[in-house]
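Q: Below you'll find the structure I mean.
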Amino acid sequence: MNMRHALVIGGTGMLAPVSLWLLEQGYSVSVIGRNPNRLESLIEKSSHADITPISVDYRNIGELEKRIAMSIQKNGLFDLIVAWVRTDAEKALETTIKLNTVPGHSWELIHVLGSGRNLSETKKKLPISDDCVYRQVQLGFKIEGNHSRWLTNEEISSGVIDGILNSDSVNIVGMVEPTEKRPL
């Protein structure tokens, strides 16, 4: 198992291009998605490259643990985790981190967060070991003329890929301030 192994949580929607890009970079990619049709679509777009679909609602911690353990058994520990996790399921990320934390195993976590999240408070809540390089990508919005809009999936994926490629601890995609300009 010499191939690098990546996990993309939420990798069938706005992060689908990130999942495909990681395949192009030579990773074996495991992708967590709740929608089996989206997982199948991603597999078709990947030309059936080295992708492991994990169809699970990550709020079901017991099932999540089982599926991640199976992926690790098949492909090895994760060298990179890209995580877009809803705020109502933060235990899912904690669980994933714990399953991938093994003494002497160095890895990276790219935590994708919404524009309203407090980055330092979010980081404090996670069980990050010294073997993990933890970085955050915060998604913002764009102002065009007199209006603001949320980022497109393409802008989000491009920003996350930039966050993977550079070594900054925080990467902002778009803008997060002024908060009163955030789209409704």
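The values are calculated or read from the model by the stated rules, or taken from the named source; none is laboratory data. Please read these numbers as outputs of a predicted model, since none were measured by experiment. Ideal geometry is used to build each Cβ from the backbone, glycine not excepted, and the neighbour counts take in all protein chains shown.
Q: (1) part of a loop (DSSP other than H, G, I, E, B); (2) without any contact (Cβ under 8 Å) to a residue 24 or more places away in the chain; (3) closer than 30 Å to E24 by Cα: which one isn't true of G159, the others all being true?
A: Tallying (1) part of a loop (DSSP other than H, G, I, E, B); (2) without any contact (Cβ under 8 Å) to a residue 24 or more places away in the chain; (3) closer than 30 Å to E24 by Cα, G159 fails exactly one: (1).
Q: Which one of the conditions (1) at pLDDT 95 or above; (2) in contact with a Gly (Cβ under 9 Å, 6 or more places away or on another chain) does T179 fail to meet, given that it meets all the rest?
A: Unmet for T179, out of (1) at pLDDT 95 or above; (2) in contact with a Gly (Cβ under 9 Å, 6 or more places away or on another chain): (1).
Q: Output the residue which, of all residues in the stretch 40-81 that are among the β-branched types (V, I, T) and within 30 Å of V170 (Cβ to Cβ), is surrounded by the fewest Cβ atoms within 10 Å (Cβ to Cβ).
A: So the residue we want is I61.
Q: Those residues that are assigned to a helix (DSSP H, G or I), farther than 14 Å from V8 by Cα and under 18 Å from the mean Cα position of the chain (by Cα), I need them from the stretch 37-64; list them, please.
A: Listed by number, the list holds a single entry, I61.
Q: Another question about this same structure. Return the only residue of D88, D162, D130 being charged (D, E, K, R), exposed (fewer than 14 other Cβ atoms within 10 Å of the Cβ) and under 17 Å from G10 (Cα atoms).
A: Just one listed residue meets the conditions, D88.
Q: Which condition number does L77 fail, the rest of (1) modelled with pLDDT under 95; (2) part of a loop (DSSP other than H, G, I, E, B) being met?
A: (1)
Q: If you take just the strands (runs of 3 or more DSSP E) that sit entirely in the stretch 82-151, which of them hold at least 1 residues that are in contact with a Ser or Thr (Cβ under 8 Å, 6 or more places away or on another chain) and farther than 20 Å from G174 by Cα?
A: The qualifying strands (runs of 3 or more DSSP E) are 132-139.
Q: Determine whether the stretch 106-117 contains at least one residue that is acidic (D, E) and either more than 17 Å from the chain's Cα centre (by Cα) or surrounded by fewer than 14 Cβ atoms within 10 Å (Cβ to Cβ) (or both).
A: no
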